[in-house]
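What follows draws every value from the coordinates through simple rules; no lab data is involved. Computed from a predicted structure; not experimentally measured. Don't worry about glycine lacking a Cβ; one is built from the backbone with ideal geometry, like all the others, and counts go over all protein chains shown.
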Amino acid sequence: MGKKTIQRDLTDTEACAIATAVRTSPRKLNLVARSIRGLKVDVAMTSLTFLRRRIAHDVKKVLQSAIANAENNHQLDVDRLVVTEAFVGKAMVMKRFRPRARGRSSHIIKPFSNLTVIVRECEKGIKKGNM
């Protein structure tokens, strides 16, 4: 049951890439996704390369996939691409238990996330860093 999902229709100048079941919490992943929002793709790639978070490597792979989709599937110019949207959603949660003292137990929550990156081709008169 539940309501039907509506697919997002992208315009002719947009391409996207989606990563499902990324093994980190949405809160941590959103910190990295927020850092590349609105940047040109070459600046975002450089930023993710030198970011000192473990999940930045996975975000970089999703961004590379979005760039490849834009270039190969939609024939967009790679030099004019900008990260317009990068958003995170919750996925499944693994629940585990750990034995504790006096016969008790504590629960461990291992969250997963979904990541969507959308790139758009913009006009030439754009600044180097931001939109």
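Things to note:
- Comparing Cα centroids, the range 75-94 and the range 1-41 end up 5 angstrom apart.
- Point-to-point label distance, residue 61-residue 90, nm (Cα→Cβ direction, 7 Å offset): 2.5 nm
- Gyration tensor verdict on the range 1-105 (Cα atoms; rounded if a/c is under 1.5, prolate if a/b is larger than b/c, oblate otherwise): oblate
- With contacts taken as Cα pairs under 8 Å at a separation of at least 6 residues, the range 14-121 carries a relative contact order of 43 percent.
- Which of 94, 45 has the fewest Cβ neighbours within 10 Å, and the rest in rising order: 94, 45
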